[in-house]
Protein chains: 2
Amino acid sequence: MAIGLVIGRDENERKKMSSYIQEWMDSLLAQDPQLDLRLYPNLGDINEIDFIVVLNAPTGIFKEFTHVKAILTLTAGVDSLLSDNSLLPHIPIVRIEDPFMADDICQYALTYVLQYMKQVEHWHNLQKHHDWDRRVPFVFSSKTIGVMGLGYLGKRVAVTLSQLGFTVNGWSQSPKEIPGVTVYTGQDQFIDFLQHTDIAVCLLPLTLNTRDILNKNTFSHLKKGAHIINMGRGEQLVEEDLLAALDSGQLTGATLDVFRQEPLPKDHLFWDHPKIIVTPHIASITNPRTAAVQVVENIKRMQKSEEPIGKVDLTQGY
Amino acid sequence: MAIGLVIGRDENERKKMSSYIQEWMDSLLAQDPQLDLRLYPNLGDINEIDFIVVLNAPTGIFKEFTHVKAILTLTAGVDSLLSDNSLLPHIPIVRIEDPFMADDICQYALTYVLQYMKQVEHWHNLQKHHDWDRRVPFVFSSKTIGVMGLGYLGKRVAVTLSQLGFTVNGWSQSPKEIPGVTVYTGQDQFIDFLQHTDIAVCLLPLTLNTRDILNKNTFSHLKKGAHIINMGRGEQLVEEDLLAALDSGQLTGATLDVFRQEPLPKDHLFWDHPKIIVTPHIASITNPRTAAVQVVENIKRMQKSEEPIGKVDLTQGY
């Protein structure tokens, strides 16, 4: 059994990522030193490859791999991979579901939810003026957090926020049961969900249904003065609609980790906007050391014809 | 049965706090409209008073209350009450343990722990320079949080941080078992605890043993570049030692919610210090609506000669 490791769009990117690629090689071999691991483009006889492990793979390469048992991606989001037309429909795709990555995502969501809920900026401004004023602009129990997307990561975020004492709602395509979280389902309940939301945390996968979902119409249904946190994909946010909603006061702030164009262009309006927090897509960066455990586990499961963890539903697109 | 409600040091303070006092009256009566609630100083016949409920009570008033069954305080910290020489040693003191207050405390601790762990300032500085640099200064798994004090509030904070994926140690006077948290106990293990700590979160009660505990010697044993968060009492921090440790680089930051003198004087050095975050003792403010539930519950328990929740150990001082 051989495994092909494909990281980087082209030779240039592979060069830049060389130490990260090496970390992946080392981490996978640390899980099983017997692995016949081959690094793209030096895959040898392509018919010997049983699994391909990919991260930002070059577009159009998948047609050749007619015999692989699965494609394993090293990211939680699979939208970019799924847009590759060379994918063969009979080959399953398996996404990473690393608990450490979930910790990272959850910590990021909490950091910026708390930034708003605990009014860090308000206290900071008082400090600047040496002002000991203990009055709180609002109490946390008066605000509701709405988590958009209740998959592996969204569910974890919703549950954690709820355990901290916050009122948490969630919205998802399919019905879910999550203790402590009120779940709204599907298009029918989307507006109702929005109307209860003071902070919208987007953890949706990018699909045809969720592209541009953070738009003018969506913002208009959120509670007046709401805040949005986008940890999904840049393509889910209509940038000019966000700017207009911040200008009008319908939204009071946005925290963005993902963008339509990454890196965010140097002259983009978001950088200097006083109501926008920009972070450079760091909510979660896959850590080879922890993620390799699951990759190798999934390969072993599939070799024994068992179901892998994180299999992508190709009809849903996530 | 009558209950005396004593809020405010003197008439002046009582005037300022009048709407807060009214909120307490309303909240207690909402729990039980039959309560014979009497507001200090109009207590009527003092021998009819069975319980006194206090918040910043005037010093020296307790000698008279020889017949009360207990003193219930509306704060989590009892140091200020216990310093009153008029307390009668045979009368039990019961502290508030309100789960909503615990949420508040926990949220505050998380907000400022995450501020540091998720490097909010670092990303903010990159944003100012339109700099898309995804390298993280450190990964969260390389840092250890040390919670000082594992009482009702400290334990909750330690468990929550541990569930978020952080490495958490705790230090406490008496041995404790907390899932996911390595507990160090007593004076013997204090230095060992400090040597493992990157962020020290102080939630200790103020006692003779903990006064001035955040001092030069303590700081010198923390990991180089550590951060401290003081949510205990101002008297636990030696202010000039903190300034020196920040100057030398032994500490890189401090988040302070409590101070030796409150309100923090207008000309205090902490206000403008670039490495100090000041908040005006807002980590938790007792909310009458939620706390009244427990006060009335405790009164009912004691009337039935049952043990109240949050009874203070007078020999320990907390």
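The values are calculated or read from the model by the stated rules, or taken from the named source; none is laboratory data. Note that this is a predicted model, so its numbers are computed, not measured. Every residue, glycine as well, gets a Cβ built from its backbone with ideal geometry; the counts of neighbours run over all protein chains shown. Side chains included, ligands, DNA and RNA excluded: accessible areas come from the protein's heavy atoms. Shrake-Rupley method; radii C 1.70, N 1.55, O 1.52, S 1.80 Å.
For the reader, a short list of remarks on this structure follows.
- Accessible surface, 1.4 Å probe, highest first, among residues A:Tyr40, B:Tyr318, A:Tyr112: B:Tyr318, A:Tyr40, A:Tyr112
- Under-5 Å amide H pairs with A:Val201, H placed in peptide plane, nonlocal only: A:Gly146, A:Val147, A:Met148, A:Ile229
- Alpha-carbon centroids, segment A:273-291 and segment A:174-239: separation in whole Å: 20
- Value of relative contact order over chain B, rounded to a whole percent, pairs C-alpha under 8 Å and six or more apart: 17
- For chain A, the longest principal axis of the C-alpha atoms and the axis of helix A:239-248 are separated by about 10°.
- Neighbourhood charge, 12 Å Cβ-Cβ cut-off, centred on B:Arg211 and excluding it, Lys, Arg +1 and Asp, Glu -1: -1
- Karplus (6.51, -1.76, 1.60) ³J(HN,Hα), θ = phi - 60°, over segment A:156-161, in Hz, Gly and Pro reported as x: 4, 5, 4, 5, 4, 5
- B:Asp10 label point (Cα plus 7 Å toward Cβ) to equivalent points in the other copies: 7.8 nm, shortest first.
- In the structure shown, the pairs B:Lys69/B:Lys304; B:Lys69/B:Lys311; A:Lys143/A:Lys224; B:Lys15/B:Lys69 are assessed against 18 Å; a Cα-Cα span above that value is assigned to B:Lys15/B:Lys69.
- Summarising the strand pairing of segment B:142-267, around 5 percent of its internal DSSP beta bridges are antiparallel.
- Antiparallel bridges, percent of DSSP beta bridges restricted to the protein assembly as shown (to nearest 5): 5
- Positive-end residue, chain B charge dipole about Cα centroid, Cβ charges, pick of B:Ile229, B:Leu43, B:Val293: B:Ile229
- In straight-distance terms, cross-link reach from B:Lys275 covers every one of the aspartates and glutamates whose alpha-carbon lies under 13 Å from its own, apart from those fewer than eight places away in the same chain; here that gives B:Glu121, B:Asp247.
- Among beta bridges that DSSP assigns inside segment B:44-189, antiparallel share in %, nearest 5: 5
- On Cα atoms only, tilt of A:18-31 relative to the major axis of chain A in degrees: 70
- Inter-copy label distances at B:His130, using a point 7 Å along Cα-to-Cβ, come to 3.8 nm with the shortest given first.
- Per-residue ellipticity at 222 nm computed for chain A from its helices equals -9500 deg cm²/dmol, with DSSP H segments shorter than 4 residues left out and the rest contributing -39,500 (n - 2.57).
- Residue ranking by accessible heavy-atom surface, 1.4 Å probe, largest first, among B:Thr66, B:Thr286 comes out as B:Thr66, B:Thr286.
- Model label points for B:Asp26 and A:Asn42, set 7 angstrom from Cα along the Cα-to-Cβ axis, are 7.6 nm apart.
- Violating pairs (Cα-Cα greater than 18 angstrom) within the set A:Lys128/B:Lys16; A:Lys266/B:Lys128; A:Lys128/B:Lys266: A:Lys128/B:Lys16
- For B:Asp192, the label point sits 7 Å beyond Cα toward Cβ; its separations from the matching points on the remaining copies run 5.6 nm, from shortest to longest.
- Overall shape: prolate for segment A:1-155, with the ratio a/c of the largest to smallest alpha carbon gyration tensor axis at 1.5 or above and a/b above b/c.
- Close amide H contacts of B:Val94 (hydrogens built in the peptide plane, cut-off under 5 Å, sequence separation of 5 or more or a different chain): B:Ile71, B:Leu72, B:Thr73, B:Val312.
- Taking all protein chains as they are arranged and a probe of 1.4 Å, the heavy atoms of A:Tyr116 leave approximately 40 Å² accessible to solvent.
- Charge dipole magnitude, Cβ of K and R +1, D and E -1 - segment A:77-182, Cα centre, debye nearest 20: 440
- Partner chain coverage, peptide A:111-124 - average Cβ within 10 angstrom: 5
- Counting only alpha carbon atoms, the long axis of helix A:99-117 and the longest principal axis of chain A meet at about 10°.
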